[in-house]
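A quick write-up on the structure given underneath.
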Amino acid sequence: MLLLLDVLAVAGAVLSVLTGNNTTSFEVPRDVAFGERSPELAGTRVELSSVVVRVEDPSAYQLLLDLLAHSFGFVLAAIPMIVVARRLIDQATDDHPFTPRMVTGLRRLGRLILGTGALALVVSNVAAVLLVDSAGVPGAGFFFGGNVVTQLWWLPLGLVVLAFAQVLEHGQALRTELDEVV
């Protein structure tokens with residue numbers, strides 16, 4: 001079910017772009033948009049901190065960068081995580097969890113979560129930089145507005161899975177010791 005929802009999210013994002021999402025947007029700092037003479041908002045206490053740049057009729061390259069810059073990489077990265085996790089659940093259901101195969105599978109899943117999460121983070125940020133560059137925004141640099149992606153949900157998840165693999169390995173050792181005693 002989770003895999004189906006993830007695939008539907010991928011398909012929905014692609015269809016959204018292909019069926020008429022003809023704008024791409026991102027934020028840039030106020031000084032990048034207006035230079036040193038940023039507009040003052042007379043008589044108010046509102047501070048203008050960033051400006052949303054909209055690209056009308058973006059190219060296919062810009063649409064792809066827009067998809068990758070806005071969490072699409074994380075949705076794609078979740079697919080192999082879900083497949084491997086589902087296989088581990090089936091394996092645990094068919095057999096008991098305190099096996100070397102289960103420990104190895106959990107370690108593989110933990111490394112997969114950490115690796116694909118980090119890769120998706122890098123891809124998302126590089127795509128955001130390339131998107132801003134493709135729109136010709138001078139002086140935006142790398143650390144611009146709200147465009148740096150810092151989604152780190154995958155980090156604690158991967159570490160917890162690796163820790164759980166360690167717990168299962170210890171449980172497996174205890175079970176082996178118990179089997180030898182009995």
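The values are calculated or read from the model by the stated rules, or taken from the named source; none is laboratory data. Bear in mind the structure is a predicted one, so any value in this text is a computation, not a measurement. Neighbour counts run over all protein chains shown; Cβ positions are idealised from the backbone, glycine included. Quick note on the areas: whole protein, heavy atoms, side chains included, nothing else; ligands and nucleic acids left out. Shrake-Rupley method; radii C 1.70, N 1.55, O 1.52, S 1.80 Å.
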Quick one: if the Förster radius is 45 Å, what FRET efficiency do Arg54 and Met1 give, using the C-beta to C-beta distance and rounding to 0.05?
0.80
Skip the ligands, DNA and RNA, and give the accessible area per residue of the stretch 59-180 with a 1.4 Å probe, whole Å².
55 Å²
If we restrict to alpha carbons, what Rg and Dmax does the stretch 59-180 come to, in Å?
19.8, 70
For the stretch 59-180: relative contact order, % (alpha-carbon pairs under 8 angstrom, 6 or more apart):
39 percent
Under a plain spin-label model, where a point goes 7 Å from the Cα along Cα-to-Cβ, how far apart in nm are Tyr61 and Thr150?
3.1 nm
Considering only protein heavy atoms and a 1.4 Å probe, what is the carbon-and-sulfur percentage of the accessible area of the stretch 59-180?
68 percent
Ignoring ligands and nucleic acids, Ser59 exposes an accessible area, probe 1.4 Å, in Å² to the nearest 10, of 50 Å²
Determine the gain in length on full extension of the stretch Ala163-Arg101; use 0.36 nm per residue of separation and subtract their C-alpha separation, reporting nm with one decimal.
20.7 nm
Quick calc: nm separation of the 7 Å Cα→Cβ label points for Asp133 and Leu178 -> 5.8 nm
